[in-house]
Amino acid sequence: MPKIGKQLKQLRKREGYTQKQMSVLLGFQGNPYSGYEYNRIKPSIENFVKLAKVLHTSVQYIVTGKELPEAFEEEVTPFPQRLRELRERRNMTQQQVADCLDIRKATYQGYEYDKYEPKLDKLLKLADLFDVTLDELLGRNRT
């Protein structure tokens, strides 16, 4: 899997933005965006979606380097709602999903109730489990 920072730097340069401009576009104070490019911090779910929109790409490409042919709507379904929808579509219980992720049920429930945000490795497992792209998992709807 390519480094997220490398992908972001390449995309930012393609769009002609500076790191400072990216911070402003993302609504940050100062220049915390640079932490993404230097792989010091990982974007939150909300910021992954913002980055994909600003950089005219997919979250899937930012994380994996694999392009998606789909375009996405501007409207984003909140992650907890999308997660619940995907679980129910698979007729799975919260416990079953938690077992697949090797986490406690309470931790998984925190994802669905917007108390916790899964780390990137868990997001990738969830996308695989539900057979969706990261973008679909994070609430971006295909056009």
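The values are calculated or read from the model by the stated rules, or taken from the named source; none is laboratory data. Computed from a prediction, not measured in an experiment: that's the story for all the values here. Reconstructed Cβ throughout: ideal geometry from the backbone, glycine too, with neighbour counts over all protein chains shown. SASA here: full protein model, heavy atoms, side chains in, ligands and nucleic acids out. Shrake-Rupley method; radii C 1.70, N 1.55, O 1.52, S 1.80 Å.
Of the peptides 91-100, 55-64, the ranking by mean beta-carbon count within 10 Å, highest at the top, reads 55-64, 91-100. Within straight-line reach of Lys119, meaning a Cα separation under 19 Å, sit the following aspartates and glutamates at least 8 residues removed in sequence or on another chain: Glu37, Glu46, Asp99, Asp102, Asp128, Asp131, Asp135, Glu136. For the chain, a crude dipole built from +1 on the beta carbon of Lys and Arg and -1 on the beta carbon of Asp and Glu, taken about the Cα centre, is about 580 debye to the nearest 20.
Divide the volume of the convex hull of the Cα atoms of the range 78-143 by its number of residues and quote the answer in cubic angstrom per residue.
Details: hull volume 4.9 nm³, N = 66.
So the per-residue hull volume is 74 Å³.
Comparing Glu117, Glu70, Glu85 in a Gaussian network model of the chain where C-alpha atoms under 10 Å apart are linked, the largest mean-square fluctuation is found at Glu70. Taking the protein heavy atoms of the range 1-69 in the context of the full set of protein chains, the accessible area attributed to carbon and sulfur is 52 percent at 1.4 Å.
Note on the chain: dipole from Cβ charges, positive end direction compared against Leu124, Gly65, Gly110; the farthest Cα belongs to Gly65. Between the Cα long axis of helix 4-15 and the first principal axis of the chain there is an angle of about 50°, rounded to the nearest 10. A simple count of charges around Asn31, restricted to other residues whose Cβ falls under 13 Å of its Cβ and scoring Lys, Arg +1 and Asp, Glu -1, yields +2.
Starting from the eigenvalues of the Cα gyration tensor, five times each then square-rooted, give me the equivalent ellipsoid semi-axes of the chain, largest first, whole Å.
Working: eigenvalues 151, 50, 36 Å².
Listed largest to smallest, the semi-axes of the chain are 27, 16, 13 Å.
Summing +1 for each Lys or Arg and -1 for each Asp or Glu among the other residues whose beta-carbon sits under 14 angstrom from that of Gln60 gives -2. Distance between the modelled labels on Asp128 and Thr143, one decimal in nanometres: 3.2 nm (7 Å Cα→Cβ projection).
Counting only lysines at least 8 places from Lys9 when in the same chain, those with an alpha carbon closer than 21 Å to its own are Lys20, Lys42, Lys50, Lys53, Lys66.
Measuring with a 1.4 Å probe in the full set of protein chains, what accessible area per residue, in whole Å², belongs to the range 86-143?
On the way: 3310 Å² over 58 residues.
Averaged over the residues of the range 86-143, the accessible area is 57 Å².
Rounded to the nearest 500, the helix-only mean residue ellipticity at 222 nm of the chain stands at -15500 deg cm²/dmol, with each DSSP H run of n ≥ 4 adding -39,500 (n - 2.57).
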